[in-house]
Amino acid sequence: MKRYDAIVIGGGHNGLVCAFYLARAGLKVRVLERRHIVGGAAVTEEFHPGFRNSTASYTVSLLRPKVIADMRLHDRGYRIIERTISNFFPFQNDYLKLGGGTARTQAEFARFSPRDAEAYPRYDAALEKVAQVLRDLALKTPPNVGGGLRALLAGAAQGWPLSKMDLSAQRDLLDIFTKSARDFLDGWYEHDYVKSAFAFDAVVGNYAGVSTPGSAYVLLHHVFGEVNGKLGAWGHSVGGMGAITQAMAAACEEAGVEISVEAPVAKLLTDGGRAAGVRLESGEEIAADIVAANVGPALLFRQMVDPADLPDDFRRRIDNYKTGSGTFRMNVALSELPDFSVLPGRDKAEHHTAGIIIAPGMDYMDRAFDDAKAEGWSRKPIVEMKLPTSVDDSLAPPGMHVASLFCQQFAPVLPDGRSWDDARETVADLIIDTVNDHAPNFKASVIARQIHSPLDLERKFGLIGGDIFHGTMGLDQLWAARPVLGHGDYRAPIKGLYMCGSGTHPGGGVTGAPGHNAAHEILRDRSFVRRMLPI
């Protein structure tokens, strides 16, 4: 039986980040990836002859600068193209462009509401104050309940910045963590188009409506990133998201990590109540005293861990751990760029390089969620379209394009025992028609499409319920309670088993933070000196 100091289950970006830090510290590390390619959901693949795209994750902002620097990703080809404007919203007889600087955004808002234009700088500043708290906490391990003096010190250190915030900022923080996106935005803006431009972020990867309590937090989660030093910006990774994870894999291999693909893990092995290695689906067993799982908590503890190895209360809570982000993902090969009725033109224009959001109004977004709860999917879905070939022509043949369609409000499990296998084509047609309602040439321009229903996302990427965040981002599953209170410090209830994926703090998205933090806790446990230091 081969032996390593540490095994990482899953070669997604967080698994690679964790493996890198462990190997850099001198550990003998092996990454085990079930698919034929590393990168998890952040991969670039050919989905039709000559057409490549970021298959699942498709845009970048949240990746932590420290991870980028430590892994020297820029030296390995990491390059991000910033969006000139962040988003383009086509409405029934008008449109809204969001981004491009404060003055430009204000001018755009003023077309609908002078009051909203005046409110925007104050809103942006208020959100930035709270977002900075998230940035500061992202690379810190949450204090663990029952963790003794070290946890107490960590809790005090992490809570100190909150206590220094002025009263207005503390009120905003409370609103964001408790209110619905609708209620939160109603307190700032009056025009529905302006409010919906922000509310969209509250339902991205969140199976909820904009009126669902707690949905305001997800709005915030999507704005705490940065691109090329610009806070809150989003961009395109040249070569697709797979270029990022391939650069990470190169950093890992340079540090001595052994990466195995087509090596699906079946079970965690234990000995005397602690982790001892893993068994692959092939039957091969690999030994290690440290196992770091980059799969989600639902997959890890429900399928890979023997229930007898878990405390009863922990097992019960994991059985009730909430997953399902309501996401339906498509990649489409196009013969030409979409020609929007409210902003005509098939030649590349500024709005083609933005996130194109079909979510015309707060009521529209709530109806989409209501439909999905009742029928399994929304009759008028929420669609974000990204056209990466508008800034990166390496992904398609000359003159052709690819589109990423990231669609919201699709039940993780269909009602009445129906299967997504039977509904996926019907729903894909509905999504194409939804885009075509705003860009009438779109349907005829489709050459090929790749469909990922929630069930497809689960089968292909191990995302239980198709959950892109490895678990819902509600208040009961955040920070020290992610995934379960008492185990928010990346340590599982089995000694030697750690969690390093998006099911831990600070949550989903391509951040690298869970992998970074888990690695540091693993190294802390191996060193008496490190154990005595506050987090």
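The values are calculated or read from the model by the stated rules, or taken from the named source; none is laboratory data. Note that the structure is a prediction, hence the values are computed from the model and not measured. Quick reminder, even Gly has a Cβ in these numbers, built from the backbone with ideal geometry, and neighbours come from all protein chains shown. When the accessible area is computed, the model is the full protein with side chains, heavy atoms only, and any ligands, DNA or RNA have been set aside. Shrake-Rupley method; radii C 1.70, N 1.55, O 1.52, S 1.80 Å.
Miscellaneous remarks
- Only helices (runs of 4 or more DSSP H) whose full extent lies in the range 357-475 are considered here, and the ones with at least 2 residues that are farther than 30 Å from Gln303 by Cβ are 362-375, 420-438, 442-445.
- Residue in the range 485-507 that is touching a helix residue (DSSP H, G or I) at 6+ places or on another chain (Cβ under 9 Å) and in a helix (DSSP H, G or I) present: no
- Answer from Arg316, Arg329 - the residue that is at pLDDT 95 or above, in contact with a His (Cβ under 8 Å, 6 or more places away or on another chain) and among the charged types (D, E, K, R): Arg329
- Filtering the range 116-136 to residues that are in contact with a helix residue (DSSP H, G or I) (Cβ under 9 Å, 6 or more places away or on another chain) and open to solvent by 30 Å² or more (accessible area, probe 1.4 Å) leaves Glu118, Pro121, Asp124, Lys129, Gln132, Asp136.
- Cβ pairs under 6 Å, 6+ apart, first in the range 86-115 and on the phi > 0 side of the Ramachandran plot, second crowded, with 20+ Cβ neighbours inside 10 Å: Gly99/Ser86
- Listed by first and then second residue, the pairs linking a residue in the range 272-285 that is under 17 Å from Leu497 (Cβ atoms) and of a type in the set (Asp, Glu) to a residue that is exposed (fewer than 12 other Cβ atoms within 10 Å of the Cβ) and at pLDDT 95 or above, with Cβ atoms under 8 Å apart and 6 or more places separating them unless they lie on different chains, form an empty list.
- Count of residues meeting criterion [modelled with pLDDT under 95, part of a loop (DSSP other than H, G, I, E, B) and of a type in the set (A, V, I, L, M, F, W, C)] in the range 64-85: 1
- Residues in the range 201-228 that are open to solvent by 10 Å² or more (accessible area, probe 1.4 Å) and either in a helix (DSSP H, G or I) or free of Cβ contacts under 8 Å to residues at least 24 places away in the same chain (or both): Asp201, Tyr217.
- With respect to the conditions (1) of a type in the set (Val, Ile, Thr); (2) open to solvent by less than 20 Å² (accessible area, probe 1.4 Å); (3) at pLDDT below 95, Thr472 lacks only one, and its number is (2).
- Considering only residues in the range 303-326 that are within 30 Å of Thr434 (Cβ to Cβ) and out of contact with any Phe, Trp or Tyr (no Cβ under 7 Å at 6 or more places or on another chain), the one that is most open to solvent (accessible area, probe 1.4 Å) turns out to be Lys322.
- Remark: pairs (first residue in the range 172-184, modelled with pLDDT of 85 or more; second residue small (Gly, Ala, Ser) and not in a helix (DSSP H, G or I); Cβ separation under 7 Å; 6+ apart in sequence or on different chains) = Thr178/Gly214; Ser180/Ser211; Arg182/Ser211.
- Filtering Val291, Val295 for residues that are open to solvent by 20 Å² or more (accessible area, probe 1.4 Å), in contact (Cβ under 8 Å) with a residue 40 or more places away in the chain and among the β-branched types (Val, Ile, Thr) leaves a single hit, Val295.
- Taken together, the criteria exclude Arg52 from residues that are under 20 Å from Gly283 (Cα atoms) and either open to solvent by 10 Å² or more (accessible area, probe 1.4 Å) or in contact with a Lys or Arg (Cβ under 6 Å, 6 or more places away or on another chain) (or both).
- Summed over the range 86-118, the residues that are farther than 20 Å from Ile382 by Cβ, out of contact with any Leu (no Cβ under 9 Å at 6 or more places or on another chain) and not in a loop (DSSP other than H, G, I, E, B) give a count of 11.
- Take the conditions (1) at pLDDT below 95; (2) open to solvent by 10 Å² or more (accessible area, probe 1.4 Å); Ser61 misses just one of them, which is (2).
- Residue match in the range 451-470 (condition: without any contact (Cβ under 8 Å) to a residue 60 or more places away in the chain and among the polar types (S, T, N, Q)): no
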